[in-house]
1. For the range 67-95, enumerate the residues that are among the small types (Gly, Ala, Ser) and either within 17 Å of Tyr28 (Cβ to Cβ) or free of Cβ contacts under 8 Å to residues at least 24 places away in the same chain (or both).
2. Yes or no: the range 115-129 includes at least one residue that is farther than 30 Å from Ser30 by Cα and in a helix (DSSP H, G or I).
3. Could you grab the pairs with beta carbons closer than 7 Å, sequence gap of 6+ or different chains, first residue in the range 113-127 and farther than 10 Å from Val76 by Cα and hydroxyl-bearing (Ser, Thr, Tyr), second one modelled with pLDDT under 95 and not in a helix (DSSP H, G or I)?
4. Filter the range 50-63 down to the residues that are open to solvent by 40 Å² or more (accessible area, probe 1.4 Å) and closer than 21 Å to His21 by Cβ and list them by number.
5. Please work out if Trp93 is part of a helix (DSSP H, G or I), under 26 Å from Ile154 (Cβ atoms) and open to solvent by less than 40 Å² (accessible area, probe 1.4 Å).
6. Which residues, counting only those in the range 119-142, are closer than 23 Å to Ala67 by Cα, open to solvent by less than 10 Å² (accessible area, probe 1.4 Å) and among the aliphatic types (A, V, I, L, M)?
7. Kindly indicate which of Thr70, Thr63, Thr56 is of a type in the set (Ser, Thr, Tyr), closer than 25 Å to Thr155 by Cα and at pLDDT 90 or above.
8. When you go through Tyr28, Tyr116 one by one, which is the residue that is open to solvent by 40 Å² or more (accessible area, probe 1.4 Å) and at pLDDT 90 or above?
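The values are calculated or read from the model by the stated rules, or taken from the named source; none is laboratory data. Everything quoted here is computed from the prediction, not taken from an experiment. All Cβ positions, even for glycine, are placed from backbone atoms using ideal geometry, and neighbour counts span all protein chains on display. These area figures cover heavy atoms from the full protein model, side chains too; ligands, DNA and RNA do not enter into them. Shrake-Rupley method; radii C 1.70, N 1.55, O 1.52, S 1.80 Å.
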Amino acid sequence: APVLWIVAAFLLVNGWLLHMHPDEELSYRSTNGDLAFTLDYQMSVQDNQAPLWFVTFWAWRSTVGDAEYTSRVLGVLTILPALALAYRLGWRWFRSAWAGLLAPLLLIGNGLFFNYALDIRPYPMVMLSSALSMWAYTLWLDRHTPRRAALYGITIALMLYIHYLLVF
C-alpha cells in the first residue's frame, strides 16, 4: 500500500505539468450536457466511442466540476486499483512481493504511463479493465469453473464498453 500512495502522490503533484490536448477537449465537448446528450453524442457520427468512460466522466464532472486538474484526478483514482491488481498479479505469478512492487515502481518513471494515467480520455479506465480481465483470467486458469469463466467474460464485455479497440 505505501507504494500506491507514492504513485498517487507523484501523479497528483505532477498532474499540473500536463496541458489539455485536442482529444481531451473532445471529452469535455461530448459530456457538456445532460446524460442523454452524452449518450447521443457517443452514438452519433461526431465521436462514435464506447460509452462507459464518457458516462463515468459525465458523472464525475457533474459531481466535482469542470476544472482540468480535477478531471485528471479521475484518472488517478482509476489507475490506483489497476496498480493494486498489478501488484497482486505480480505476487501471484512470481510468488514474490518484490515482483508485485516492481510494476508500480517501474511505471512511475515511465513517461507514457504518466501521460495515459492522467489523460482525460478512456485510457486509465482501459488500464483498470485490462488488469481486472487479467485477474479474472488468472482465477479461471487456477480452477476452470463456470462462475470464473463468466467473470472473465464479464470483464471482456466491460472492456468493450470502455473502448472498442480492446476487442484486440
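1. If we filter the range 67-95 for residues that are among the small types (Gly, Ala, Ser), which is where we start, we get 67, 71, 75, 82, 84, 86, 90.
Once the filter is applied, which keeps residues that are among the small types (Gly, Ala, Ser) and either within 17 Å of Tyr28 (Cβ to Cβ) or free of Cβ contacts under 8 Å to residues at least 24 places away in the same chain (or both), the range 67-95 yields Ala67, Ser71, Gly75, Gly90.
2. Narrowing the range 115-129 to residues farther than 30 Å from Ser30 by Cα: none.
Scanning the range 115-129 turns up no residue that is farther than 30 Å from Ser30 by Cα and in a helix (DSSP H, G or I).
3. none
4. The answer is Thr56, Trp58, Trp60.
5. Values: part of a helix (DSSP H, G or I): yes; under 26 Å from Ile154 (Cβ atoms): yes; open to solvent by less than 40 Å² (accessible area, probe 1.4 Å): no.
The answer is no for Trp93.
6. Ile120
7. Working: Thr70 fails: closer than 25 Å to Thr155 by Cα; Thr63 fails: closer than 25 Å to Thr155 by Cα.
Unique residue meeting the criteria: Thr56.
8. Working: Tyr28 fails: open to solvent by 40 Å² or more (accessible area, probe 1.4 Å).
Answer to the selection: Tyr116.
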